[in-house]
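Data first, discussion second: the structure below is written as structure tokens.
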Amino acid sequence: MRMSLPNKLPSALSSKKLICPYCYEQFPIRDILFRCNTRTGRTGRRCVAKTDGILEERTGNGRELGPVFAADGRQTTASCPDCTSETRYRVCPVCHSQLPTQFGLVDNLLIAMVGSKESGKTVYMTVLLHEVMNRVGARLDASLMAGDEHTLSRFRRNYEDNLYEDHRLPPGTVSASTNDNRVDPLVFRLSVSAQGPLRRAPVHTLLSFFDAAGEDLTSQDSVDLNTRYLANADGVLLLLDPLQMPGARREAAPGTRMPSAQYDTSVGVLTRITDMLLSQPGAAKKGRIDVPVAVVFPKMDVFRHRLRRGSPLTVEPPAGEKFDVADSLDVHTEMTSLLRDWDGVQIDQLMRNTYRRYRYFGVSALGANPTQNAEVAATGIQPYRVADPFVWLLSEFGAVGREGSG
């Protein structure tokens, strides 16, 4: 069913600065452009579809589309000045990507997912989104759907089918530096039922996931390629592979598939990201970075035999529609202790002294070590605690409620 929109966006939003969920550039609402739908207008004229050079340069997509034209971006419809056909196709004034249906009407949260090479970012993102669409979404009374047709087809074809149907780990994320700096985030629409005694209308949020390749974060020059995405992100999912820490490698289960990256990669990536965030105007409050950072330690299944009895990492998070603060703090404390055992004290000190809002999470996207041939284990995909970092970020944004304080 087609979603109806008002003819004009609320006046309170007219001067608000928006950030494109595809290129992460800022612009005011009035600057939003429109794209002709190439249907015959009232005068009988019809525009010819052509390749959009700006969109093709960013994505490499050579599809023929209607021409872009300027109008009042505060409106939700506009008439093409050439053919007079009325269109609802609103596009970013910078990259010409078609904007999601409710862009400018609902919160637009940008989540940057970064980490060292071979930390499992793509696997984690795939399982996270699959879980939120299914099991976790049911627990939170929330729904997650693709924000555009391209995200819908690309997520299924390039991510979900690879892992859940073919049982294959996806190839590494392509580096922006070797792909003409083309970046194509996945954009989703999250709807969470209102919580509390009154339970009014659901809360709708647009989520943009940007997955930076690990090799794009191994030098300051390569980090600069992703500055715009990280600087404008509302929250960061930072994956630090424990198997790239000397102490953790010694404790991993026999037969664990080890990454080839160097031991200091996680610290190096964290240092470069921190330097970049500190350089952004207004990023720090009272000397600390204010952007919430979920520090995710994946592949925890290979340490299960080493976890103490009663460890919060051995149980599922409490059921309920709200984020459980006490449970999360227990996990955070456990991960802090493990960091000391893994020779990761430098990571903890950097986070303590530089970030105001951060939390440690231990997760497993697959639930079991993949085979040496990069295939899912015979036991199948059995994730645990994979959604905890995402739900914590949503609670920081106010999109979901909290149980407890801290």
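The values are calculated or read from the model by the stated rules, or taken from the named source; none is laboratory data. What you are looking at is a predicted structure, and each value in this text was computed from that prediction instead of being measured. With ideal geometry, Cβ positions are generated from the backbone for all residues, glycine too; neighbour counts draw on all protein chains shown. These area figures cover heavy atoms from the full protein model, side chains too; ligands, DNA and RNA do not enter into them. Shrake-Rupley method; radii C 1.70, N 1.55, O 1.52, S 1.80 Å.
Using a 1.4 angstrom probe on the protein heavy atoms only, could you order M300, M133 from most to least accessible area?
Order by accessible area, largest first: M133, M300.
Subtracting the Cα-Cα distance from 0.36 nm times the residue separation, let me have the gained length for R250 to S143 in nm, one decimal.
Numbers: separation 107, 0.36 × 107 = 38.52 nm, distance 4.06 nm.
Working it through step by step, the gained length comes to 34.5 nm.
Against the 2.2 N^0.38 Å scaling, with N counting residues, where does the stretch 68-123 land? I'd like the Cα-based Rg ratio to two decimal places. Show your work: numbers first, answer last.
On the way: Rg = 16.9 Å, N = 56, 2.2 N^0.38 = 10.2 Å.
Cα Rg divided by the expected 2.2 N^0.38 Å: 1.67.
What length, rounded to one decimal in nm, is gained on full extension from R288 through to L307, with 0.36 nm per residue of separation minus their alpha-carbon distance?
Roughly 3.6 nm would be gained on extension.
How much net charge surrounds K322 when only the other residues with a Cβ under 12 Å from the Cβ of K322 are counted, with Lys and Arg +1 and Asp and Glu -1?
Details: positive: R139, R402; negative: D141, E321, D324, D327, E403.
Within the 12 Å Cβ shell, the charges total -3.
Enter the accessible area per residue of the stretch 275-318 (Å², integer; probe 1.4 Å; all protein chains in place).
Ligands and nucleic acids excluded, the result is 53 Å² per residue.
Heavy atoms only, probe 1.4 Å: what % of the accessible area of the stretch 124-163 goes to carbon and sulfur, would you let me know?
Numbers: 850 of 1690 Å².
Looking at the stretch 124-163 in its full context, I get 50 percent from C and S.
So how do 351-358, 85-92 stack up, highest first, on mean other-Cβ count within 10 Å?
Ranked by mean Cβ neighbours within 10 Å, highest first: 85-92, 351-358.
Summarise the long-distance tail of P(r) for the stretch 36-177 by giving the % of C-alpha pairs beyond 26 Å. Can you show the working numbers first?
Working: 4197 of 10011 pairs.
Summing the P(r) tail past 26 Å for the stretch 36-177 gives 42 percent.
With every protein chain left in place, what is the accessible area of V132 in Å² (1.4 Å probe, nearest 10)?
About 10 Å², rounded to the nearest 10.
What accessible area per residue, rounded to a whole number of Å², is obtained for the stretch 63-180 using a probe radius of 1.4 Å?
Numbers: 5000 Å² over 118 residues.
Solvent-accessible surface per residue comes out at 42 Å².
Using a probe of 1.4 angstrom, how much of the accessible area of the stretch 257-394 is carbon and sulfur, in percent? Intermediate values should be presented prior to the final figure.
Details: 2900 of 6180 Å².
In the stretch 257-394, the share of accessible area belonging to carbon and sulfur is 47 percent.
Counting Lys and Arg as +1 and Asp and Glu as -1, what is the net charge of the other residues whose Cβ lies under 13 Å from the Cβ of R189?
My count for the surroundings of R189 gives -3.
Starting from the eigenvalues of the Cα gyration tensor, five times each then square-rooted, give me the equivalent ellipsoid semi-axes of the stretch 290-406, largest first, whole Å.
Semi-axes, largest first: 24, 18, 14 Å.
Sorted by packing (mean other beta-carbon atoms within 10 Å per residue), highest first, where do 369-375, 149-155 land?
The densest-packed peptide leads the list: 149-155, 369-375.
Can you tell me which of 268-274, 291-297 comes out highest on packing, and rank the rest after it, using the mean Cβ neighbours within 10 Å?
Working: 268-274: 20.1, 291-297: 24.9.
Going by the mean number of other Cβ atoms within 10 Å, highest first, we get 291-297, 268-274.
How would you classify the stretch 272-355 from its alpha-carbon gyration tensor, with a ≥ b ≥ c the square roots of the eigenvalues: rounded for a/c under 1.5, else prolate if a/b is greater than b/c, otherwise oblate?
oblate
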